[in-house]
Amino acid sequence: MKLSTLLFGGIATLVGAQTATAYTDAKSGITFQAYQHTTGYFLGVALPEDPTGNTDFIVTIGGKGSGWSGASLAGPMKNALLVLAWPNNNSIVSSFRKTNQYGSPPVATGTFTQLPIANGTYTNTTHWTYTFVCSKCIQSDGTTFVANDNTTVLGYALSSTAPSQKGNAASSVSKHTSQGQATFDLVKARSRDFATWKTWAAAPKVANAL
Ligand code: HEM
């Protein structure tokens with residue numbers, strides 16, 4: 001293979017790769033590894049310093065406008081634990097979803113819960129932001145990344161169209177206008193401050209209008 005072909009292939013790979021980078025939320029001060037999309041969508045995760053036996057992490061998810069933002073905690077849309085959230089006036093509506101087929105995913109129930117962090121959950125003139133402790137979210141059935149992963153691929157999906165029933169966390173949604181996957185460095189996502197951040201979370205919610 002010619003050197004030029006090798007170089008071109010390498011550059012193409014770099015350009016194609018979507019990668020999370022460090023991001024600190026201005027209000028909560030929590031530092032995440034976060035993927036940001038040109039539409040204003042973002043998805044960040046923060047993990048405890050010691051991954052051994054850990055099941056919990058902090059998620060921040062948000063976007064611009066009145067559409068929805070979603071995440072796959074395993075990477076693909078199907079057979080993965082999904083997080084789905086959207087703004088409703090000045091509050092956020094969120095739920096866990098799961099599906100084995102392409103289509104509006106139904107609400108998922110399980111031991112996992114969302115514990116909202118108030119100082120990381122807000123709307124401003126340009127963005128909405130929802131931050132929560134995803135409690136018992138690391139599953140061992142392949143529907144999420146696992147505690148000892150040093151890197152993982154998470155899925156992102158967003159739509160500029162608001163769900164049909166904005167006040168109902170179980171609302172169906174129309175298909176994403178953008179979707180894909182991004183690589184997250186979970187070692188960099190670990191922080192000794194996680195334990196403090198976790199204490200900011202309120203009571204657990206599964207499918208909720210915050
Ligand atoms: C009516 C609703 C939905 C439909 C019809 C749908 C359909 C699809 C289809 C067909 C794909 C494959 C790529 C493509 O052909 O576009 C896909 C990918 C994806 N979807 Fe959805 N989807 C829906 C809702 C959602 C929701 C609510 C989430 C997250 C909360 C989500 C997350 C993803 C992700 C992360 C991918 C990329 C990874 C993959 O291909 O599996 N989807 N979806």
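For the reader, a short list of remarks on this structure follows.
- Cβ-defined net charge surrounding residue 84, 12 Å radius [Lys, Arg +1; Asp, Glu -1]: +2
- Formal net charge of residues neighbouring residue 34 (Cβ-Cβ distance under 14 Å; K, R +1; D, E -1): -1
- Each 10 Å bin from zero up to the one holding the largest Cα-Cα distance in the chain carries the following percent of pairs: 9, 37, 37, 13, 4, 1.
- Aspartates and glutamates whose Cα lies under 16 Å from that of residue 198, excluding same-chain neighbours fewer than 8 positions away: 25, 49, 50, 56
- Ranked by how many other beta carbons lie within 10 Å on average, peptides 70-82, 164-176 from highest: 70-82, 164-176
- Amide H contacts for residue 191 (H built 1.01 Å from N in the peptide plane; partners 5 or more residues away or on another chain; cut-off under 5 Å): 47, 49.
- Net charge over other residues, Cβ less than 14 angstrom from the Cβ of residue 161 (K, R count +1; D, E count -1): +3
- Highest mobility in the GNM of the chain, judged by mean-square fluctuation with C-alpha springs under 10 Å and restricted to 24, 99, 199, is found for 199.
- Straight-distance candidates among the aspartates and glutamates for linking to residue 27, with alpha-carbon spacing under 17 Å and chain neighbours fewer than 8 residues away dropped: 193.
- Taking amide H atoms as placed 1.01 Å from N in the peptide plane, the amide H of residue 97 lies under 5 Å from those of 82, 83, 84, 108, each 5 or more residues away in sequence or on another chain.
Just so you know, all these numbers are worked out from the coordinates, no wet-lab data involved. Model, not experiment: these values are computed from the prediction. Cβ: placed from backbone, ideal geometry, glycine included. Neighbour counts: every protein chain shown.
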